[in-house]
Amino acid sequence: MESAVIETYGCTLNQADSDMIEGLLTNAGISVDRGLYSGKKNTDYVIVNTCTVKKPTEQRILDRLEKINGKGSKLIVTGCMASANADKIRAAAPEASIISISNIPEMLPKMLANGVNGDMLAYKRTDRSQFIYNPKGVIARIPISDGCLSSCSFCETKFARGPLNSFSEELVLKAVSNAVHNGAKEIELASQDTGAYGADKKTDIAQLVSKAVMTDGNFKVRIGMLNPEHLHKYIDRLIECYKSDKVYKFLHIPVQSGSDSVLKEMKRKYSADDFRAYVKEIRSKVPGISIATDMIVGYPTETEEDFSASINLLKETRPAITNVSKFWERPNATAKKSGRLSNEIIKGRSVMMARLAKSIQYEDLHHSIGTAERVCITESNSKSNIGRDIFYRNIAVNGNEELGSSIKVRIIGNSSVCLIAERCD
Ligand code: SF4
C-alpha cells in the first residue's frame, strides 16, 4: 500500500481542506499520516497545504519545502501559497507539483492514477462541499465557502482564494448530518469569512445555522470567523441561532483596529463604534457569549493615537480572546505601498497589546473559579483532556475521559487561555 503524509498550515478552512485531501488519498487506497513529514523512507507522497497570511509562516513553509524537495517522495504543494505565491514555491522546491486547492478534488485522483507531474494553478470555481471528508472523530471541520466579498488592504488570502464562492447549502447540511451520524460532537463551519456566506446563493450564515441545528443528534456548531461588516444584514436572526443549545455561544469577529482612520486604510467597512454596538447588543441578548477578535498592530499608517484607540477599544469591550498580530507587508496586498513602521515600534506595540489581551483573558476566566460547567471532551491524551463548555471555553480536565463524552466539572483554576477543572459528577 502506498503511503502519504499531509502537512497542514493555517486556518480551520485549510485544516478542512486537508481532511478532504485525506479522503481523496484514502479513496485511492493510500495510507495517510497527518502532521509533520519526518523524512521517513518509502513515503510515496508528501502533500504540503500552505498558508500565506503571515511572512514568518511563509518563510517556515519555504524552509520545509526546500528540505523535502528531491528526497524521493513525490511533493505536492497546495493551499493559499500555491495560488498566490507559486513562484516562491517553485524556487524552494523545483521538483514539486503545485496544485491550487480549487483543482485538488478533480486533479489529485487523476494525478495519483496517472503519475503526479506538472502544475495545476488555474482558478476553478468548485463546490467542494461534495468532497467534504471527516475522518471519524469528535470534531468535524466543514468548509462552507471559498473567498469573500472584501478587499482588505493587508490581506494576501484574497489573492489565493479569489471572489466569494459559497458552497451549496443542501450539500453542507448533508455533510453536517453525515458528520453527526459518524460521531462528531463539534461541527466547525469554516471559511475565510462566514459572514459573507451565501451572498452569491440567496442564503446566509444565520439561515445555514438555523437549518443545521435541525439535524438530529447531540452536537454543537461553532461558527467560524465572521467579518463584522456583514453583521447588520442578519444580526437578529443570528442571535436567534445562539438561543439553540446546539450552537456554541462563541462569535469570532475580527475588528483589526480601534481607529476609524486605520480601518478606512485597511478597507474594512465598519467603524470602531459599529463593533462596540455589535458587541453590546450580542452580549445583552446572548448572556455570557464569548466574543473573540483579532487585532493588527503596526499598520503602516497607524499613529500613536490610532494605537491608543485600539488599546481603549479592547479595554472597553474586553473580548474573551484577542489574537494580536504584527502587520506584515504581503506580496500582492495593497498595504505594502503605504511603507512600513520600524520593527521597534511594531514590536513595542504588539508586546503592549498582547500583555493587555492576556490580562483581560485571565481576569475574565478567573471569575469562573468555583462554578460548575458541563463540558464535552474534544481532545484527549493519557494524562489530560480538553473539554469545551457552551461558551466554547477551553477547559483542561485531569484524568482519562472518553473523547466525545459529556461530563460535569468544577472550575478550580485558570490561566489566560484556559480553565482548569476537576470532574464533579
Ligand atoms: S475578509 Fe478581508 S481579511 Fe478576510 S479573507 Fe477577505 S479580504 Fe482577507
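Table for the structure above
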item	result
Meets criteria (open to solvent by less than 10 Å² (accessible area, probe 1.4 Å) and either assigned to a helix (DSSP H, G or I) or of a type in the set (Asp, Glu) (or both)) for LEU238	yes
Output for the stretch 415-425, where each listed residue is within 18 Å of ILE291 (Cα to Cα) and either touching a helix residue (DSSP H, G or I) at 6+ places or on another chain (Cβ under 6 Å) or not small (Gly, Ala, Ser) (or both)	SER416, VAL417, CYS418, LEU419
Filtered residue count, the stretch 264-303, keeping only those that are in contact with a Gly (Cβ under 7 Å, 6 or more places away or on another chain) and either part of a helix (DSSP H, G or I) or within 27 Å of ASP245 (Cβ to Cβ) (or both)	1
Qualifying residue in the stretch 174-183 (condition: part of a loop (DSSP other than H, G, I, E, B) and over 30 Å from LYS264 (Cβ atoms))	yes
Scan of the stretch 68-93 for residues that are within 20 Å of ALA4 (Cα to Cα) and open to solvent by 40 Å² or more (accessible area, probe 1.4 Å), ordered by number	GLY70, LYS71, GLY72, LYS74
Close pairs (8 angstrom Cβ cut-off, 6 or more residues apart or separate chains): under 16 Å from ASP294 (Cα atoms) and not assigned by TED's automatic domain parsing to the domain that holds ALA190 in the stretch 210-235, open to solvent by less than 30 Å² (accessible area, probe 1.4 Å) and away from the ligand (no atom under 16 Å from the Cβ) anywhere	none
Matching residues, the stretch 296-319, being open to solvent by 10 Å² or more (accessible area, probe 1.4 Å) and within 20 Å of SER338 (Cα to Cα)	ILE296, PRO300, THR301, THR303, GLU304, GLU305, ASP306
Within the stretch 143-173, considering residues that are part of a strand (DSSP E or B) and either more than 8 Å from the ligand (Cβ to nearest atom) or not assigned by TED's automatic domain parsing to the domain that holds PHE327 (or both), the one most open to solvent (accessible area, probe 1.4 Å)	PRO163
Residue count for the stretch 66-121, restricted to those that are within 22 Å of ASN27 (Cβ to Cβ), part of a loop (DSSP other than H, G, I, E, B) and of a type in the set (A, V, I, L, M)	1
Per-region count, the stretch 357-371, residues open to solvent by less than 60 Å² (accessible area, probe 1.4 Å) and either of a type in the set (A, V, I, L, M) or closer than 12 Å to MET295 by Cβ (or both)	3
Qualifying positions in the stretch 176-200 - away from the ligand (no atom under 16 Å from the Cβ), surrounded by fewer than 23 Cβ atoms within 10 Å (Cβ to Cβ) and either modelled with pLDDT under 95 or not charged (D, E, K, R) (or both)	SER177, ASN178, VAL180, HIS181, ASN182, GLY183
Test: residue in the stretch 359-373 that is touching a Ser or Thr at 6+ places or on another chain (Cβ under 7 Å), over 22 Å from ILE223 (Cα atoms) and among the aromatic types (Phe, Trp, Tyr)	yes
Options ALA335, ALA354; residue that is within 30 Å of CYS155 (Cα to Cα), open to solvent by less than 50 Å² (accessible area, probe 1.4 Å) and at pLDDT below 95	ALA335
Filter result for LEU112 (away from the ligand (no atom under 16 Å from the Cβ) and either open to solvent by 10 Å² or more (accessible area, probe 1.4 Å) or within 19 Å of VAL32 (Cα to Cα) (or both))	yes
Residues of the stretch 201-211 satisfying the condition of being open to solvent by 10 Å² or more (accessible area, probe 1.4 Å) and small (Gly, Ala, Ser)	SER210
Residues (surrounded by 13 or more Cβ atoms within 10 Å (Cβ to Cβ) and within 21 Å of MET1 (Cβ to Cβ)) located in the stretch 40-67	THR43, ASP44, TYR45, VAL46, ILE47
Inter-residue pairs, beta-carbon under 8 Å, first within 12 Å of the ligand (Cβ to nearest atom) and in the stretch 261-276, second at pLDDT 95 or above and among the β-branched types (Val, Ile, Thr), 6+ apart	MET266/ILE296
Residue check for MET266: closer than 17 Å to SER359 by Cα and modelled with pLDDT of 95 or more	no
Test: residue in the stretch 132-145 that is closer than 30 Å to GLY298 by Cα, of a type outside the set (S, T, N, Q) and touching a strand residue (DSSP E or B) at 6+ places or on another chain (Cβ under 7 Å)	no
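The values are calculated or read from the model by the stated rules, or taken from the named source; none is laboratory data. Computed from a predicted model, the values in this text were never measured in an experiment. Quick reminder, even Gly has a Cβ in these numbers, built from the backbone with ideal geometry, and neighbours come from all protein chains shown. Surface areas here come from the heavy atoms of the whole protein model, side chains and all, with no ligands, DNA or RNA. Shrake-Rupley method; radii C 1.70, N 1.55, O 1.52, S 1.80 Å.
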